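Working notes, structure below.
The values are calculated or read from the model by the stated rules, or taken from the named source; none is laboratory data. Just so we're clear, the structure is a prediction, and the values are computed from it rather than from any experiment. So basically every Cβ, Gly included, is an ideal-geometry build from the backbone, and we count neighbours across all protein chains shown. What goes into the accessible areas is simple: the full protein's heavy atoms, side chains included, and nothing from ligands, DNA or RNA. Shrake-Rupley method; radii C 1.70, N 1.55, O 1.52, S 1.80 Å.
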Amino acid sequence: MAEIKLEPSWLKELHDEFGKAYFAELSHFIKSEKQQGKKLYPPGNLIFAALDNCPIDKVKVVIIGQDPYHGYQQANGLCFSVTDGIPKPPSLINIFQELKKDVGIEIPETGDLLPWAKQGVLLLNATLTVEANKAGSHQNKGWEIFTDRIIEVLNAQKEHLVFMLWGGYAKKKGSRIDRSKHLVLESGHPSPLSANKGHWFGNRHFSKCNSYLVQNGIEPVKWDLNTRLSTSL
């Protein structure tokens, strides 16, 4: 990868990671993939979009995904989110359906979750890149170590965060979160395979999240994307 450009508060906390052997190997792997002409998602300038749009001091909710969407123009660096105008994947549709059942918000036309990120929802994938049309192709290359560190920073430095862990992978990723000072909400994954077995719908994570935030004097998340909240929030 080229020179790392990152939101200042995250750069300060993660600077040492960029000098470690695992990250050098990860960078070499990604560079090699590109040299072989492979198409990688998301675009280079959006690899760290989750961090760039959600400085440490603003984070109040963390949603953990697995790896970016691998379809054409889908991935925008925010987990479960797609670029505006791109059809919503099944998991995202199920997220919006649960949101409607939980708090009555109509399903939006857009699948771009950037307004959530701007309010302090860190939409973090465990793996930050993927090869086109090859799900999981960049797993176990080093990204998981990097994103574990992100979770460690938040767990240690913040209080009263809400972690939403959807599916077994996310639950394992968040197993070290201090539940004495953060709220951890767990359920099945919103993918059709899990949701249709009754492990997703009815978890009411969105209302539970906001209730907890309000109880701790924190501004609740405006989940409604129909209002097209300004990205300057």
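Quick notes on this one:
- Pairs meeting the criteria (first residue in the range 175-197 and farther than 15 Å from I64 by Cβ, second residue open to solvent by less than 80 Å² (accessible area, probe 1.4 Å) and assigned to a helix (DSSP H, G or I), beta carbons under 8 Å, at least 6 apart or on different chains) are D178/N155; P192/P90; P192/S91; P192/N94; A195/N94.
- Check on L92, outside any loop (DSSP other than H, G, I, E, B) and touching a helix residue (DSSP H, G or I) at 6+ places or on another chain (Cβ under 9 Å): no
- If the condition is being open to solvent by 70 Å² or more (accessible area, probe 1.4 Å), assigned to a loop (DSSP other than H, G, I, E, B) and polar (S, T, N, Q), then the range 35-58 contributes only Q36.
- Test: residue in the range 212-226 that is modelled with pLDDT under 95, in contact with an Asp or Glu (Cβ under 8 Å, 6 or more places away or on another chain) and outside any loop (DSSP other than H, G, I, E, B): yes
- Entry remark, the range 20-34: residues being without any contact (Cβ under 8 Å) to a residue 40 or more places away in the chain, open to solvent by less than 70 Å² (accessible area, probe 1.4 Å) and more than 13 Å from G142 (Cα to Cα) number 1 in total.
- N203 meets the conditions (1) part of a loop (DSSP other than H, G, I, E, B); (2) surrounded by fewer than 14 Cβ atoms within 10 Å (Cβ to Cβ) in every case but one. The failed one is (2).
- Looking only at the range 70-79, and only at residues there that are surrounded by fewer than 22 Cβ atoms within 10 Å (Cβ to Cβ) and under 16 Å from the mean Cα position of the chain (by Cα), the one that is farthest from D52 (Cα to Cα): H70
- In the range 120-171, the residues that are part of a strand (DSSP E or B) and either open to solvent by less than 10 Å² (accessible area, probe 1.4 Å) or closer than 23 Å to N210 by Cβ (or both): V121, L122, L123, L124, V130, V162, F163, M164, L165, W166
- Qualifying residue in the range 23-41 (condition: closer than 28 Å to N226 by Cβ and modelled with pLDDT of 95 or more): yes
- Candidates S194, S180, filtered to the one that is more than 28 Å from I4 (Cβ to Cβ), in a helix (DSSP H, G or I) and among the small types (G, A, S): S194
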